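Step one of this worksheet: look at the structure below.
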Amino acid sequence: MKKFKIRASALGQIMTNDRSGKGMGETAKKYCELWAKEQLYARKKEIQTKYMDKGLIMEDNSIDFLAEKLGLGFVLKNEKFFENDYMTCTPDVITKDLIIDVKNSWDCFTFPLFAKQLENKDYYWQMQAYMILTGIQKSKLIYVLSDTPINLIEKEAFIYARNNGMECDNELIEVFKKKMTYTDITDEYKIKIFDIPKDEVESMIIERVAQCQSYINSLL
C-alpha cells in the first residue's frame, strides 16, 4: 500500500481532534478508514451531488467573472499538481503572489452574503495546504453566486413536478429558471471574498498525517 498523503480538499477532515484536543477525532479516523479501503480494493468512492455538479460546470465561467471584476487580467484555471511528502493539491487559480479558490453557491440562500468570517473550517485548511505547497503567502476564498446551468434547472423542475403530481412543462421550467438565475441582481451581491493569510500550521499537519499513517497501519 502506498504512503498516506492527504488531499488539500480533505485536510480539514483529518485535522479534527478528539475530546482531549490532541488525538485524532472520529471524523479523521473515518477518513483514514475510507482511504485504506480505496487502496485495498483499488476503487475510489465516488460522491456526486447537485451542488458539486453546479460547481464543476460553472467553474470556468466563475473564474472569468472574478478575473474581470477583481482586475486580474487574463487568467486560466490552474492545472498544475503540487505535492510533498504529506499533501497534494491543484489550486483553482495561481497568480504571482496570490492563490484563489472559487466556490459556487447553489443559490442565493446558501450564498454567505452577510458572513463576517469563513465559517467552513475545511476550507481554511484547504487554503493552508495550497499556500504551503505553492510557497505563496496569501490566498482568497471567493464565493460566487452564478446562474444555475439549464440542465440542472430542468432537473429541479422535473423533481418538483414528479413530487407534486404535476407535468413538467415549459411554464414550470421558466418558474424555476427565474428562481435559479440572477441576471437581475447586481454583481456586488454575487461575490463574497474571504482573505486567508498563511498561518504556521505546517508542523501540525505533518504530525497529524503521521498519526493517520500510524492509524492506517494499525488497521492493516
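If we scan region 148-168, do we find a residue that is closer than 24 Å to Asp85 by Cβ, of a type in the set (Asp, Glu) and assigned to a loop (DSSP other than H, G, I, E, B)? No, region 148-168 contains no residue that is closer than 24 Å to Asp85 by Cβ, of a type in the set (Asp, Glu) and assigned to a loop (DSSP other than H, G, I, E, B).
For region 185-196, give me the residue count where each residue is in contact (Cβ under 8 Å) with a residue 24 or more places away in the chain and over 18 Å from Ala115 (Cα atoms). Count: 1. Being surrounded by fewer than 19 Cβ atoms within 10 Å (Cβ to Cβ) and touching a Pro at 6+ places or on another chain (Cβ under 8 Å) is not true of Thr110. Of the residues Lys77, Lys96, the single one that is in a loop (DSSP other than H, G, I, E, B), touching a helix residue (DSSP H, G or I) at 6+ places or on another chain (Cβ under 6 Å), surrounded by fewer than 18 Cβ atoms within 10 Å (Cβ to Cβ) and among the charged types (D, E, K, R) is Lys77. Residues of region 6-51 that are in a loop (DSSP other than H, G, I, E, B), within 18 Å of the chain's Cα centre (by Cα) and over 30 Å from Glu156 (Cα atoms): Met15, Thr16. If we scan region 97-115, do we find a residue that is assigned by TED's automatic domain parsing to the domain that holds Ile205, over 21 Å from Thr181 (Cα atoms) and without any contact (Cβ under 8 Å) to a residue 12 or more places away in the chain? Scanning region 97-115 turns up no residue that is assigned by TED's automatic domain parsing to the domain that holds Ile205, over 21 Å from Thr181 (Cα atoms) and without any contact (Cβ under 8 Å) to a residue 12 or more places away in the chain.
In this structure, Ala129 qualifies as surrounded by 17 or more Cβ atoms within 10 Å (Cβ to Cβ), under 20 Å from the mean Cα position of the chain (by Cα) and not in a strand (DSSP E or B).
So that you can scan it fast, the table gives a plain yes or no per residue for (1) in contact (Cβ under 8 Å) with a residue 40 or more places away in the chain; (2) among the hydrophobic types (A, V, I, L, M, F, W, C):
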site: Glu154; (1), (2): no, no
site: Phe158; (1), (2): no, yes
site: Val175; (1), (2): no, yes
site: Lys178; (1), (2): no, no
site: Thr183; (1), (2): no, no
site: Ser203; (1), (2): no, no
site: Gln213; (1), (2): yes, no
site: Leu219; (1), (2): yes, yes
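All conditions but one from (1) in a helix (DSSP H, G or I); (2) farther than 30 Å from Gly21 by Cα; (3) not hydrophobic (A, V, I, L, M, F, W, C) apply to Tyr182; the one that does not is (1).
Do we have any residue at all in region 62-71 that's in contact with a Cys (Cβ under 9 Å, 6 or more places away or on another chain), within 30 Å of Thr148 (Cβ to Cβ) and outside any helix (DSSP H, G or I)? Looking through region 62-71, none of the residues is in contact with a Cys (Cβ under 9 Å, 6 or more places away or on another chain), within 30 Å of Thr148 (Cβ to Cβ) and outside any helix (DSSP H, G or I). Select from region 52-74 the residues that are surrounded by fewer than 15 Cβ atoms within 10 Å (Cβ to Cβ) and under 30 Å from Lys30 (Cα atoms) and list them in ascending order. Of everything in region 52-74, those that are surrounded by fewer than 15 Cβ atoms within 10 Å (Cβ to Cβ) and under 30 Å from Lys30 (Cα atoms) turn out to be Met52, Leu56. For first residues located in region 1-19 and more than 15 Å from Gln126 (Cβ to Cβ), partners that are of a type in the set (Phe, Trp, Tyr) and surrounded by 13 or more Cβ atoms within 10 Å (Cβ to Cβ) and lie 6+ apart or on another chain with Cβ distances below 7 Å form the pairs Phe4/Trp35. With respect to the conditions (1) crowded, with 17+ Cβ neighbours inside 10 Å; (2) within 17 Å of the chain's Cα centre (by Cα), Thr148 falls short on a single one, namely (2).
The values are calculated or read from the model by the stated rules, or taken from the named source; none is laboratory data. Computed from a prediction, not measured in an experiment: that's the story for all the values here. Positions of Cβ are backbone-derived with ideal geometry, glycine not excepted, and every protein chain shown enters the neighbour counts.
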